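See below for the structure under consideration.
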Amino acid sequence: AGNGFSEVKTSVSISGIKDGIFEIFPTMTIKSALYIAGELDINAEYNIDCPAEATYMYSITEDPKKLIIVPNKAQHGTKLLSDDLDTEIINWINSQFAL
């Protein structure tokens, strides 16, 4: 989800798509977000390309922001998580609360 509200410090999006966010909050400005997607997480049947969606969302997000495209991974959502990625998420959240 997005974080266009002043009480939200940061957000993490794993395999997220822009349509879900902007249907709910069409005029929202997103800032302080970490986007994660698997490089091969593409569903042709539903015309969803998660790495392209993450890259687009990253491009319209205000700083601070970070994009991680996990190479050679087709997993979706929490199935994409690993110890290394968990550490990246924890470090991102901690860095945003330190601001």
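The values are calculated or read from the model by the stated rules, or taken from the named source; none is laboratory data. These figures come from a predicted structure and were not determined experimentally. Counting neighbours? That spans all protein chains shown, and the Cβs are built from the backbone with ideal geometry, glycine included. The area values use the complete protein model at the heavy-atom level, side chains included, leaving out ligands, DNA and RNA. Shrake-Rupley method; radii C 1.70, N 1.55, O 1.52, S 1.80 Å.
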request  = Multiply the residue gap between ASP19 and TYR46 by 0.36 nm, knock off their C-alpha separation, and tell me the result in nm, one decimal place.
outcome  = 8.5 nm
note = Sequence order, segment 74-90: Karplus ³J(HN,Hα) from phi using 6.51 cos²θ - 1.76 cosθ + 1.60, θ = phi - 60°, Hz rounded, Gly and Pro as x, gives 10, 4, 10, x, 5, 5, 7, 5, 8, 4, 5, 5, 4, 5, 4, 5, 4
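Assign unit charges at the C-beta atoms only (+1 for Lys and Arg, -1 for Asp and Glu), then state the dipole size of the chain relative to its Cα centre in Debye, rounded to the nearest 20.
Values: 7 positive and 14 negative charges, 47 e Å.
My answer is approximately 220 debye.
How large, in percent, is the carbon and sulfur part of the accessible surface of segment 17-65 at a probe radius of 1.4 Å?
On the way: 1520 of 2890 Å².
Ligands and nucleic acids excluded, carbon and sulfur give 53 percent.
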request  = Loop only per DSSP, at most 13 neighbouring Cβ atoms within 10 Å: give me the GluC sites (Glu not before Pro) in segment 1-69, ordered by residue number.
outcome  = GLU7, GLU39, GLU45
remark   = segment 23-37 scanned against label point 7 Å out from ILE93 along Cα→C-beta; backbone N under 15 Å for 33-36
request  = Can you pull the one-decimal nm distance between simple spin-label points at VAL8 and HIS76, each 7 Å off the Cα toward Cβ?
outcome  = 2.2 nm
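Which percentage, to the nearest 5, of the DSSP beta bridges contained in the chain is antiparallel? Please report the intermediate quantities before stating the final value.
On the way: 2 of 13 bridges.
Bridges in the chain that DSSP calls antiparallel: roughly 15 percent.
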task = In Å³ and rounded to a whole number, note down the convex hull volume per residue for the Cα atoms of the chain.
result = 92 Å³
